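The values are calculated or read from the model by the stated rules, or taken from the named source; none is laboratory data. Since we're looking at a predicted model, the values are computed, not measured. Please note: Cβ atoms are built from the backbone with ideal geometry, for glycine as well, and neighbour counts cover all protein chains shown. Remember, those area values only see protein heavy atoms, side chains included, never the ligands or the DNA or RNA. Shrake-Rupley method; radii C 1.70, N 1.55, O 1.52, S 1.80 Å.
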Amino acid sequence: MRVSSLIIVSATFLGALAVASVGNFYRDFDISWGDQRARILNGGQDMALTLDRASGSGIQSKNEYLFGRIDMQIKLVPGNSAGTVTAYYLSSQGPTHDEIDFEFLGNLSGNPYTLHTNVYTQGKGNREQQFHLWFDPTKAFHTYSIVWNPKRIIFMVDNIPIRVFNNLGSIGVPFPQSQPMRLYASLWNADDWATMGGRVKTDWTNAPFTSSFRNFNANACIRAPGSSSCIRTDTNQDSTWQDQTLDAAGRNRIRWVQQKYMIYNYCTDVKRFPQGLPPECKQSRFL
């Protein structure tokens with residue numbers, strides 16, 4: 001990363017330029033579990049996570065981010081991936097942690113993956129939306145992005161928005177905005193729930209299972225060590241994520257995705273919320 005100057009800024013910044021970092025897995029991540037099952041390849045440009053009967057594997061970013069745009073290209077476990085979960089998410093730590101999730105739930109050969117998304121604030125989630133994808137995510141790499149700014153979170157697939165979670169603190173909806181989060185990726189066995197509610201188990205004759213990652217990019221504010229402030233760099237990198245919203249084309253695309261490919265939305269699950277849907281469900285999803 002070429003840095004012209006480092007500046008300490010408040011954690012509540014809105015308009016400052018952010019760190020722009022073309023990622024390297026050696027430089028930017030630590031292998032957090034799974035030992036040799038997590039492999040960094042090609043001089044740090046690529047990474048592979050493996051799951052076998054003994055263990056899965058995972059990595060975590062060395063930096064903590066407070067707002068930003070995170071991009072990762074992922075190619076998922078091919079074939080019979082039932083019971084496996086490939087996860088890619090931002091999270092803080094502790095019982096009142098915040099979290100922004102992409103989780104890819106495996107399935108039997110020939111059936112589609114389920115893309116599971118969720119947002120946790122102060123340790124509480126229950127905001128799941130699930131999708132099928134309009135392509136086979138095991139055949140090639142696709143880009144999965146999290147845009148997180150003080151106004152909203154946007155989940156994107158190949159730059160197409162699939163979900164927006166707005167900051168509706170004005171009506172009492174908690175929003176992740178004060179806890180810096182690390183980026184995590186993992187591959188693990190979750191056959192107690194991942195495929196058809198746990199009815200389909202992992203077929204270990206197909207092990208080891210592998211998901212591949214490349215082209216990590218963080219255009220984000222990095223928390224300064226031991227501080228509630230963050231470090232940014234003055235660069236010419238794109239900082240549009242700081243107030244990114246959906247234009248007319250973006251609203252049309254998210255409607256297309258949600259009408260054709262959404263398979264679960266907590267905001268329509270009246271049986272789950274007999275006392276009434278969460279307050280954010282009454283607001284426009286596309287603001």
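Among the lysines in the chain, how many pairs, 8 or more places apart or on different chains, have alpha carbons under 25 Å apart?
Close lysine pairs found across the chain: 14.
Suppose a student asked you for the relative contact order of the chain, using Cα pairs under 8 Å spaced at least 6 residues apart; what percent would you report?
With pairs under 8 Å counted, the relative contact order is 29 percent.
How much accessible surface area, in Å² rounded to 10, belongs to the heavy atoms of TYR184 with a 1.4 Å probe?
The accessible area comes out at roughly 30 Å².
Using only the Cα atoms of the chain, build the gyration tensor, take square roots of its eigenvalues as a ≥ b ≥ c, and label the shape rounded, prolate or oblate: rounded if a/c is under 1.5, else prolate if a/b is larger than b/c, else oblate.
oblate
Between ASP35 and ASN215, what is the FRET efficiency for a Förster distance of 22 Å, r being their Cβ-Cβ separation, to the nearest 0.05?
0.35
Taking a ≥ b ≥ c as the square roots of the Cα gyration tensor eigenvalues, with a/c under 1.5 meaning rounded and otherwise prolate when a/b beats b/c, else oblate, which class fits the stretch 22-124? Walk me through the intermediate numbers first.
Details: a/c = 1.66, a/b = 1.14, b/c = 1.46.
It is oblate, given that a/c is not under 1.5 and a/b is not larger than b/c.
Given a 1.4 Å probe and heavy atoms of the protein chains only, how would you sort ASP71, ASP238, ASP35, ASP46, largest accessible area at the top? Don't jump to the answer; show the numbers that get you there.
Working: ASP71 20, ASP238 85, ASP35 110, ASP46 45 Å².
Largest to smallest exposure gives the sequence ASP35, ASP238, ASP46, ASP71.
Using 7 Å Cα-to-Cβ label points, what is the PHE273/LEU108 separation (nm, one decimal)?
Placing both labels 7 Å beyond Cα along the Cβ direction yields 3.4 nm.
At what distance in nm do the modelled label points of ASN126 and GLN60 sit from each other, each positioned 7 Å from its Cα along Cα→Cβ?
Taking the two extended label points, one gets 2.7 nm.
Suppose every K and R has +1 on its Cβ and every D and E has -1 on its Cβ; what is the size of the dipole of the chain about the Cα centre, in Debye to the nearest 20?
It works out to roughly 460 debye.
According to the square roots a ≥ b ≥ c of the eigenvalues of the Cα gyration tensor, what is the shape class of the stretch 83-211, taking rounded for a/c under 1.5, prolate for a/b larger than b/c otherwise, and oblate for the remainder?
Prolate, since a/c reaches 1.5 and a/b exceeds b/c.
Could you point to the residue in PHE165, PHE25, GLN258 farthest towards the positive end of the chain's charge dipole, with +1 and -1 charges on the Cβ of Lys/Arg and Asp/Glu respectively?
Of the options given, the answer is GLN258.
Tell me the per residue accessible area of the stretch 151-197 using a 1.4 Å probe; a whole number in Å² is fine.
Using a 1.4 Å probe on heavy atoms only, each residue of the stretch 151-197 averages 36 Å².
With a 10 Å cut-off between alpha carbons and a GNM built on the chain, which of ARG253, ARG27, ARG69 moves the most?
In the Gaussian network model the winner is ARG27.
Please work out how much length the chain gains when fully extended from GLN93 to TYR26, using 0.36 nm per residue of separation minus the C-alpha to C-alpha distance, in nm with one decimal.
In short, 21.8 nm is gained.
Put a dot 7 Å past each Cα toward the Cβ at ASP238 and CYS281; how far apart are the dots in nm?
A separation of 3.4 nm, rounded to one decimal place.
Under the rule of -39500 (n - 2.57) per DSSP H run of 4 or more residues, summed and divided by the residues of the chain, what mean residue ellipticity at 222 nm is obtained, to the nearest 500 deg cm²/dmol?
It lands at -1500 deg cm²/dmol.
Sort 263-276, 81-94, 154-167, 134-147 for me by packing, meaning the mean count of neighbouring Cβ atoms within 10 Å per residue, highest on top.
81-94, 154-167, 134-147, 263-276
Percent of accessible area on the chain owned by carbon and sulfur, 1.4 Å probe?
Of the solvent-accessible surface of the chain, carbon and sulfur hold 49 percent.
What residues qualify as long-range amide H neighbours of TRP33, i.e. H under 5 Å apart, gap of 5 or more or another chain, H built at 1.01 Å from N?
Excluding prolines and chain starts, which carry no amide H, the hits are GLY58.
Cut-off 10 angstrom, C-alpha nodes, Gaussian network model of the chain. Which of SER57, SER211, SER109 fluctuates the most?
Of SER57, SER211, SER109, the Gaussian network model singles out SER109 as fluctuating most.
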